[in-house]
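Worksheet for the structure shown next.
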Amino acid sequence: MKFSTLKRHLKEGAKNTWRNSWMTIASVGAVTTTLILVGIFLVLMLNLNHIAGELEEDVQIKALIELTTEQAAVDQLEENIKSINQVASVEFQTKDEELDNLIDSLGEQGQAWSLYEQDNPLNDAFIVKAANPQETGQVAQQISEMEHVYEVNYGQDYVDNLFAFNEYARNIGLALILALVFTAIFLISNTIKITILARKKEIGIMKLVGATNSFIRWPFFIEGMLLGILGSIIPISIILSGYYYLSQNVIMIQEFSFVEILPFHPFAWQVSGLILGIGVSIGVWGSLMSVRKFLKV
Amino acid sequence: MIEMQNVYMKYPNGVVALNGVSVSIEQGEFVYIVGPSGAGKSTFTKIMFREETPDNGQVIVNNQEVSTLKWKEVPHFRRNIGVVYQDFRLLPKLTVYENIAFALEVIEESPRNIRKRVMKVLDQVGLKNKARFIPDELSGGEQQRVAIARAIINHPGLLIADEPTGNLDPETSWEIMQLLEDINASGTTVIMATHSQDIVNSIRKRVIAMEDGMIVRDEHRGEYGYEI
């Protein structure tokens, strides 16, 4: 395609978007609504996934050793745990280290626990990691059956719940978004159908003088793309500003927690790019759907 | 130029528009198509530039078998055929210049050549000083000249005119006929469907008369042959 032709198509496409301003507003509104929801959904899902993944990496088994266990038996226990196939690492943690961790993790309130430093009520423990986080449950089960093991703790229940919730939310979100995307496509294809009806005569003359179908299709293609781009402006601004605010404020809470949301840069930009891409696809799809019928003459 | 063999065509509503039409038209001929309304004149012209496709029979235009053209080939096939209608079919919001340039933009002619060629064809149809007017500011005859200019700007080998003088007063009709004769004289085949007895009887050319989808008469330097 020649440059002068491309210029013509761009001009035509923009002119039509402007000419049918009411329908343009309606379909841009539909795209905007859709993309805002898609954006919020994406931010939530990707962050939940990220957090769940982090948590899963962190899943470890804490096998508390009975207080009265002899050193030899402790060594024997370590060997036994290491001999389990799925175990990746075993680390010994004294009860003093355990107490320090506890005090650290509780911050201000943790100071109260420092009273116990003289008379530590906690157990020594083995910190065990499974090679594959999914096998943590099995490993924990095996360790709990060993001698001199007082108690086995692991965060699997917590993580399992998070994953289950994640999947649940994802399915509902996907259904909702699919419905919205189709509504937006439908609205756009109708908008463009109206511009086609208004230009039926023009298309007829174009065909008469030997215009190819792709030549006729281009301005509509551009019109759809423009509608998509216009529709993604507000959603992208909301995502960028909203996520910026979020990433600034969540940091304060994070001091107490061991997970982080995805960093603003590059995550918010990536989501914005994705939203723009979805917007343009919706617009182009809608426009091509409506032109198809009119070209078979 | 044009060869038709036993062309048969029926519209979806059951009307048989062409019922076994065979005809041969040479390059450079000027042919009138006459006959009552509904005789198949329009369909006859439409199958020549593939606006309609016959159900049966062979249609060859410019050495191309029209009914086997693929969708992709149709636009290029049409670029060698000019078409003029009774209702001019100009775009009302574009100027005379833009209306004609449109036919060149569509085939991606370069902007510089477009300007040159449009001015030349405007000169040819005698409308050089009306380039900036919009169709509504012109008389019917002038509008038809614009339509003819648009049809011939690509130097087509074939010009199809479907009642080009149908909306014009007699005097203007003669001017349009003069223009069509000039175009014909330069070698372009002209096929003109018409109801005008005056024109057919005065400017004697080959006459093909159609009735009920069939050619009932085909004579050189013929007469209109119908009472009005």
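Are any residues in segment A:135-159 surrounded by 14 or more Cβ atoms within 10 Å (Cβ to Cβ) and modelled with pLDDT under 80, and if so, which ones?
Result: A:Glu135, A:Thr136, A:Gly137, A:Gln138, A:Tyr154, A:Gly155, A:Gln156, A:Val159.
Would you confirm, using the coordinates I've provided, whether A:Ile203 is more than 14 Å from chain B (Cβ to nearest Cβ), surrounded by fewer than 21 Cβ atoms within 10 Å (Cβ to Cβ) and in contact (Cβ under 8 Å) with a residue 24 or more places away in the chain?
No.
Please determine whether any residue of segment B:126-136 is touching a Leu at 6+ places or on another chain (Cβ under 6 Å) and not in a loop (DSSP other than H, G, I, E, B).
Within segment B:126-136 (the criterion being touching a Leu at 6+ places or on another chain (Cβ under 6 Å) and not in a loop (DSSP other than H, G, I, E, B)), the answer is yes, since at least one residue qualifies.
Among the polar types (S, T, N, Q) and away from chain B (no Cβ under 12 Å): does that describe A:Ser214?
When the stated conditions are applied, A:Ser214 does not pass them.
Based on what the data block shows, is B:Leu168 crowded, with 18+ Cβ neighbours inside 10 Å, without any contact (Cβ under 8 Å) to a residue 60 or more places away in the chain, more than 10 Å from chain A (Cβ to nearest Cβ) and in a loop (DSSP other than H, G, I, E, B)?
When the stated conditions are applied, B:Leu168 passes them.
If we only count helices (runs of 4 or more DSSP H) wholly inside segment B:17-106, which ones have 3 or more residues that are without any contact (Cβ under 8 Å) to a residue 60 or more places away in the chain, within 14 Å of chain A (Cβ to nearest Cβ) and on the phi < 0 side of the Ramachandran plot?
B:74-78, B:96-105
Could you check, for segment A:5-21, whether at least one of its residues is of a type in the set (A, V, I, L, M), away from every other protein chain (no Cβ under 14 Å), surrounded by 13 or more Cβ atoms within 10 Å (Cβ to Cβ) and under 30 Å from A:Asn190 (Cα atoms)?
Looking through segment A:5-21, at least one residue is of a type in the set (A, V, I, L, M), away from every other protein chain (no Cβ under 14 Å), surrounded by 13 or more Cβ atoms within 10 Å (Cβ to Cβ) and under 30 Å from A:Asn190 (Cα atoms).
Condition test on B:Gly141, is it surrounded by fewer than 20 Cβ atoms within 10 Å (Cβ to Cβ) and either more than 26 Å from B:Asn201 (Cα to Cα) or more than 11 Å from every other protein chain (Cβ to nearest Cβ) (or both)?
When the stated conditions are applied, B:Gly141 passes them.
For every residue, the table says whether it meets (1) in a helix (DSSP H, G or I); (2) crowded, with 17+ Cβ neighbours inside 10 Å; (3) free of Cβ contacts under 8 Å to residues at least 12 places away in the same chain.
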site: B:Leu159; (1), (2), (3): no, yes, no
site: B:Leu180; (1), (2), (3): yes, yes, no
site: B:Ile183; (1), (2), (3): yes, yes, no
site: B:Gly187; (1), (2), (3): no, no, no
site: B:Asn201; (1), (2), (3): yes, no, no
site: B:Val207; (1), (2), (3): no, yes, no
site: B:Ile215; (1), (2), (3): no, yes, no
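Considering only residues of segment A:113-134 that are in contact with a strand residue (DSSP E or B) (Cβ under 9 Å, 6 or more places away or on another chain) and over 24 Å from A:Asp100 (Cα atoms), which is surrounded by the most Cβ atoms within 10 Å (Cβ to Cβ)?
Once the filter is applied, the top-ranked residue is A:Ala130.
Would you say A:Gly39 is crowded, with 19+ Cβ neighbours inside 10 Å, among the small types (Gly, Ala, Ser) and farther than 17 Å from A:Val181 by Cβ?
Answer is no for this residue.
Yes or no, residue by residue, for (1) within 30 Å of A:Phe220 (Cα to Cα); (2) without any contact (Cβ under 8 Å) to a residue 40 or more places away in the chain; (3) of a type in the set (Asp, Glu):
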site	(1), (2), (3)
A:Glu12	yes, no, yes
A:Trp18	yes, yes, no
A:Val28	yes, no, no
A:Gly39	yes, no, no
A:Leu46	no, no, no
A:Ala52	no, no, no
A:Glu66	no, no, yes
A:Ala72	no, yes, no
A:Asp75	no, yes, yes
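The values are calculated or read from the model by the stated rules, or taken from the named source; none is laboratory data. All values derive from a computational prediction rather than experimental measurement. For neighbour counting, all protein chains shown are included, and Cβ atoms are generated from backbone atoms with ideal geometry for every residue, glycine included.
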